[in-house]
Structures are given as structure tokens and as C-alpha cells.
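Peer 1: Take a look at this one; I'll ask things after.
The values are calculated or read from the model by the stated rules, or taken from the named source; none is laboratory data. None of the values given here were measured: they were computed from a predicted structure. Backbone-built Cβ (ideal geometry, glycine too); neighbour counts: all protein chains shown.
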């Protein structure tokens with residue numbers, strides 16, 4: 001993963017970046033958690049891999065091919081910082097045409113661009 005040209009940038013005291021993320025080799029569908037438990041499965045991303053202490057916010061989008069839509073689900077909030085800040089997010093990959101979650105498939109040929117915000 002590397003930021004697109006011109007990123008990262010700062011918004012006040014936060015750092016914002018647009019990152020291209022490659023899909024997982026073997027995707028396992030997301031299973032929702034019952035609060036306070038977080039979702040399992042999907043593709044977990046870590047704030048530290050983006051040069052951040054924690055995530056304030058992650059926004060998904062469509063894969064570069066247009067085949068998949070990626071939704072970002074807040075993850076681990078234990079000791080991340082202010083309430084609601086997350087050390088991880090889980091990416092849910094769904095087929096753009098149908099909205100159905102991807103099954104156990106190889107997504108490593110797919111790239112999605114994420115907007116990530118958090119402190120350095």
C-alpha cells in the first residue's frame with residue numbers, strides 16, 4: 001500500500017490519505033458482531049500500516065475494475081485513543097452489480113482506494 005500522489009495531507013490536527021489497497025488472497029465473508037463485539041471475516045486493515053496511531057474514519061468505494069464495492073466497518077477500539085477511534089477496520093467486499101457479499105474468492109487482482117483519516 002502506498003498513498004496516491006499528493007497524499008498524505010493534513011486537515012487541522014488530523015492526517016488524511018487516499019490509499020490503494022489490494023484485496024485479500026482468500027476472502028472470508030463478514031459476519032456481523034453483536035455490540036460490543038466487532039465483525040469477523042472480511043479483510044482487516046490496521047491503522048499502523050497507514051502510518052496512523054488509529055483511524056478516526058475510513059471510507060470505502062468501488063474497486064478499480066468496478067466489479068466490487070467495498071464498505072469499511074469500524075473494528076478494534078480498545079486503547080486506540082478517544083472514544084470511537086479504531087486500531088482496525090474490516091473491509092466488506094460486495095459485488096457491485098448485485099450488492100451480494102463476495103464469497104470465499106481470491107480478490108488479490110482487485111484494488112480499492114480508501115480515504116483514511118487519523119492522527120500520525
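Peer 1: Regarding residue 103, is this residue at positive phi and surrounded by fewer than 20 Cβ atoms within 10 Å (Cβ to Cβ)?
Peer 2: Values: at positive phi: no; surrounded by fewer than 20 Cβ atoms within 10 Å (Cβ to Cβ): yes.
Here the answer is no, as residue 103 does not meet what is asked.
Peer 1: Quick check: is even one residue across the range 85-98 surrounded by fewer than 15 Cβ atoms within 10 Å (Cβ to Cβ) and closer than 17 Å to residue 20 by Cα?
Peer 2: Among the residues of the range 85-98, not one is surrounded by fewer than 15 Cβ atoms within 10 Å (Cβ to Cβ) and closer than 17 Å to residue 20 by Cα, which makes the answer no.
Peer 1: In addition: Restricting attention to the range 38-52, which residues are surrounded by 16 or more Cβ atoms within 10 Å (Cβ to Cβ) and outside any strand (DSSP E or B)?
Peer 2: Listed by number, the residues that qualify are 38, 39, 42, 47, 50, 52.
Peer 1: Name every residue in the range 94-120 that is closer than 30 Å to residue 10 by Cβ and either out of contact with any strand residue (DSSP E or B) (no Cβ under 8 Å at 6 or more places or on another chain) or not in a loop (DSSP other than H, G, I, E, B) (or both), in order of residue number.
Peer 2: 111, 112, 113, 114, 115, 116, 117, 118
Peer 1: Something else about it: Please go through the range 59-93 and pick out each residue that is on the phi > 0 side of the Ramachandran plot and assigned to a strand (DSSP E or B).
Peer 2: Scanning the range 59-93 gives no hits.
Peer 1: Tell me which residues, restricted to the range 73-84, are buried (at least 19 other Cβ atoms within 10 Å of the Cβ) and either over 23 Å from residue 18 (Cα atoms) or at pLDDT 90 or above (or both).
Peer 2: 73
Peer 1: Right, another one. Could you say whether any residue in the range 6-25 is within 24 Å of residue 68 (Cβ to Cβ), more than 13 Å from the chain's Cα centre (by Cα), modelled with pLDDT of 90 or more and part of a loop (DSSP other than H, G, I, E, B)?
Peer 2: yes
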